[in-house]
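Quick notes on the structure that follows.
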Amino acid sequence: MASSLELNLVRHVRIVAYLILGAAFFMPIADFFFSVWPVQRELAYRYGAVTLMASTVSQLVLTLLFIYALALLAEDRKIIAACGIAGVLIAAILVVSFGAFAMDAWELRRRLEGAPLLRMETATLQAALKIVSYAAVCVVFTISARRALTTPKDNRERGANSGSRATNTAE
């Protein structure tokens, strides 16, 4: 368990850190929407939008991890729950997007040949790997947040105090 000085430091820094990390989380989302606006129905546009989303999600997941770590340190159960919900939402969006992306990639592949086809297949593979891996990471992340919320506080304190009791009995 962290010392009282460390906990006091976390409590003083957490609001500012949440603001900075919140901005770091929401700015890529805003950038993505401004990049794809106005929405179009063209195949190449949809393919490009999902490819852009696959690149944007890495920053979201990393920032979400930092927010989650801070929430665990500060024992902010509401923020831990919000991180778990965000993980589920990101995973769901990625899974739905993957289905649409696969259909668009299949259709686009039929329209291309030669060098453009090779570049498109490479980009498709990269985007698909990002989407699938980050969806899996978000599921694992959500499971971790759920476990952190369901762990009773007295069990966390007992685990922390058991180490301090052992050192006290040794003295």
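Against the chain, whose longest principal axis comes from its Cα atoms, helix 4-36 is set at around 10 degrees. The GNM of the chain, with springs linking C-alpha atoms under 10 angstrom apart, assigns the highest mean-square fluctuation among Val36, Val61, Val139 to Val36.
The relative contact order of the chain, computed from alpha carbon pairs under 8 Å that lie at least 6 residues apart in sequence, is 29 percent.
Loop-located GluC sites (Glu not before Pro) in the range 79-147 (DSSP state other than H, G, I, E, B) with a sparse environment of at most 15 neighbouring Cβ atoms within 10 Å: Glu113.
Normalising by residue count, the range 1-43 has a Cα convex hull of 80 Å³ per residue. Working note: Cα atoms of the range 1-93, range along each principal axis, descending, whole Å: 57, 22, 17. For the chain, modelled as a GNM with alpha-carbon contacts under 10 angstrom, which of Pro152, Pro28, Pro38 fluctuates the most? For the chain, modelled as a Gaussian network with Cα springs under 10 Å, the answer is Pro38.
Of the trypsin sites (Lys or Arg not before Pro) found in the range 1-84, those that fall in a DSSP loop while having at most 16 other beta-carbon atoms within 10 Å are Arg41. Considering the range 33-149 at the alpha-carbon level, its Rg and Dmax are found to be 16.8, 56 Å.
For the range 48-98, a/c is not less than 1.5, where a ≥ b ≥ c are the root eigenvalues of the C-alpha gyration tensor, and a/b does not top b/c. That puts it in the oblate class. Sites listed here are chymotrypsin sites (Phe, Trp or Tyr not before Pro) in the range 46-108 whose DSSP assignment is loop and whose Cβ has at most 13 other Cβ atoms within 10 Å, and the list is empty. Report summary: the helix-based calculation at 222 nm, which adds -39500 (n - 2.57) for every DSSP H run with n ≥ 4 and divides by the residues of the chain, gives -32500 deg cm²/dmol.
Throughout, read-outs are computed from the coordinates displayed, never taken from laboratory work. Values in this document were obtained by computation on a predicted structure and should not be read as measured data. Methodologically, a virtual Cβ is constructed for each residue, glycine included, from the backbone with ideal geometry; neighbour enumeration extends over all protein chains shown.
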